[in-house]
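What follows is one structure encoded as structure tokens, with my remarks underneath.
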Amino acid sequence: MKDGQIAGLVKATAERLRHGGVTNARREAEWIVQEVIGRDRWLSGVCRRTPLSADETARVTELARERAGGRPLQYVLGTVEFHGRTFSVGPGVLIPRPETEQLVELALGLYPGHGEVCDLCTGSGVIAISLALTLPGPPHVLATDISEPALAYARRNAAALGAANLTLVQGDLFGPLPAPRRFSLITANPPYVSAGEYDALPCEVRNHEPATALLAGSEGLDIIRRIADGAPRFLSPDGWLLLEIGETQGAAVRELLDARGYAEVAVRPDYAGRDRFALARSRGALRRLPHGAADGRPAGSRLRCGGGKRWMEAAGGVVRPVGEARGAAGAGGGAF
Ligand SMILES: C[S@@+](CC[C@H](N)C(=O)[O-])C[C@H]1O[C@@H](n2cnc3c(N)ncnc32)[C@H](O)[C@@H]1O
């Protein structure tokens with residue numbers, strides 16, 4: 001490469017990526033070079049006339065080799081932009097997707113201005129940290145994930161971004177949540193890919209991103225169903241549950257939330273018009289009734305919901321006090 005100059009390095013890198021089958025080769029080459037020489041130096045323009053050191057050239061060559069070998073760009077660079085901040089990512093944690101920024105926007109609109117927030121399936125912590133740093137208050141945010149490698153990224157990100165009002169706990173969904181604990185808002189971008197969809201995912205995803213972050217049983221609903229079962233025991237009266245879902249799951253998720261007695265169940269589209277988010281509200285009025293037969297009937301028989309097909313109690317214990325039957329939320333194999 002001519003004199004090791006930046007323009008030549010970008011060109012050679014793009015060529016290497018193109019040979020590796022990377023479609024956006026020129027742009028990705030620029031990102032890789034920027035990553036190695038530093039954004040300020042790249043943007044200053046001076047860099048374009050500044051010779052590169054041998055170390056820098058070798059580093060760019062190494063990153064291009066990884067990328068041309070099929071490793072996702074975000075893992076190669078080690079970072080991803082999300083909701084205006086830079087997060088560390090790498091093997092072992094899901095690469096946050098742009099549509100999840102919309103979930104954060106929805107969460108900002110739903111948060112009532114008081115109370116704690118819980119983020120399940122937090123991965124690199126993008127949702128939890130964005131909310132911890134953006135919500136008014138700010139509230140305390142408690143986030144859980146079953147994967148210790150994923151949580152290591154979340155911890156690193158929380159420290160780097162200064163999210164001191166965030167607690168990260170390893171465990172199965174609601175399992176590690178201290179009781180009694182109620183949240184004004186519970187968010188989750190859970191695994192929701194069905195077994196069939198998983199097989200059809202690009203190799204770049206299947207070969208590199210953790211299957212536990214994606215797969216959720218034959219219909220992709222295993223984890224969503226468990227969250228819907230468990231959330232009522234951890235939601236404040238009138239608290240919101242907000243989920244990212246697969247684009248074909250809108251009707252099924254609406255039905256399962258209705259069947260469990262949630263109020264104000266709705267499915268929202270992403271900017272491309274695909275059903276990607278489900279929200280539902282705890283039945284606050286029910287919660288405020290004393291535990292037991294406040295109206296003369298057993299708690300489980302008090303209300304019918306979901307077209308009269310399911311009973312509240314059977315659907316997850318909406319009227320039980322916090323702390324009871326926690327095992328139900330934490331039970332189950334965890335499809336991935
Ligand atoms: C789709 S990723 C979402 C990560 C992150 N919230 C985001 O939006 O980028 C799902 C996450 O759920 C975690 N997970 C899978 N099964 C779980 C379970 N049973 N309990 C808690 N976390 C789980 C995975 O480790 C993964 O980090």
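The values are calculated or read from the model by the stated rules, or taken from the named source; none is laboratory data. Everything numeric in this text was worked out from a predicted model, so none of it was measured. Virtual Cβ from ideal backbone geometry, glycine too; neighbours counted across all protein chains shown.
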Item to complete: Search segment 81-103 for residues that are hydroxyl-bearing (Ser, Thr, Tyr) and pair each with any residue that is part of a helix (DSSP H, G or I) when their beta-carbon atoms are under 8 Å apart and the residues are at least 6 apart or on different chains.
Response: 88/153; 88/156; 88/157; 88/160; 100/126; 100/127
Worksheet, complete the sentence: From the option list 144, 167, single residue qualifying as within 12 Å of the ligand (Cβ to nearest atom) and closer than 14 Å to residue 119 by Cα is 144
Item to complete: Could you check, for segment 155-165, whether at least one of its residues is touching a Gly at 6+ places or on another chain (Cβ under 6 Å), touching a residue at least 40 places away in the same chain (Cβ under 8 Å) and assigned by TED's automatic domain parsing to the domain that holds residue 281?
Response: yes
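Quick grid of which residues meet (1) of a type in the set (Phe, Trp, Tyr); (2) more than 9 Å from the ligand (Cβ to nearest atom); (3) under 14 Å from the mean Cα position of the chain (by Cα):
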| residue | (1), (2), (3) |
| --- | --- |
| 77 | no, yes, no |
| 83 | no, yes, yes |
| 89 | no, no, yes |
| 94 | no, no, yes |
| 107 | no, yes, yes |
| 127 | no, no, yes |
| 154 | no, no, yes |
Worksheet item: Any idea which residue in segment 210-233 is surrounded by the most Cβ atoms within 10 Å (Cβ to Cβ), counting only those that are free of Cβ contacts under 8 Å to residues at least 60 places away in the same chain and not aliphatic (A, V, I, L, M)?
Response: 220
Item to complete: Specify the residue that is surrounded by the most Cβ atoms within 10 Å (Cβ to Cβ); the eligible residues are those in segment 234-251 that are assigned to a loop (DSSP other than H, G, I, E, B) and polar (S, T, N, Q).
Response: 249
Discussion item. Going residue by residue through segment 62-70, is there one that turns out to be more than 14 Å from the chain's Cα centre (by Cα), touching a residue at least 60 places away in the same chain (Cβ under 8 Å) and away from the ligand (no atom under 11 Å from the Cβ)?
Written reply: yes
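Let's see how each residue does on (1) polar (S, T, N, Q); (2) within 16 Å of the ligand (Cβ to nearest atom); (3) assigned to a loop (DSSP other than H, G, I, E, B):
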residue: 212; (1), (2), (3): yes, yes, no
residue: 219; (1), (2), (3): no, yes, yes
residue: 223; (1), (2), (3): no, yes, no
residue: 232; (1), (2), (3): no, no, no
residue: 253; (1), (2), (3): no, yes, no
Discussion item. Give me the residue from segment 194-209 that is more than 13 Å from the ligand (Cβ to nearest atom) and hydrophobic (A, V, I, L, M, F, W, C) and, out of that set, surrounded by the most Cβ atoms within 10 Å (Cβ to Cβ).
Written reply: 195
Worksheet entry | Criterion (touching a residue at least 12 places away in the same chain (Cβ under 8 Å), out of contact with any strand residue (DSSP E or B) (no Cβ under 8 Å at 6 or more places or on another chain) and either near the ligand (Cβ under 10 Å from one of its atoms) or of a type in the set (D, E, K, R) (or both)) met by exactly one of 191, 149, 176, 136 | 149
Discussion item. Residues that are within 30 Å of residue 242 (Cβ to Cβ), at least 2 per element: which helices (runs of 4 or more DSSP H) completely within segment 27-138 meet that?
Written reply: 73-77, 99-110, 126-134
Response to the item:
In segment 46-93, residues that are among the hydrophobic types (A, V, I, L, M, F, W, C) and surrounded by fewer than 14 Cβ atoms within 10 Å (Cβ to Cβ) total 3
Discussion item. Which count do you get for residues in segment 71-80 that are touching a Pro at 6+ places or on another chain (Cβ under 7 Å) and free of Cβ contacts under 8 Å to residues at least 60 places away in the same chain?
Written reply: 1
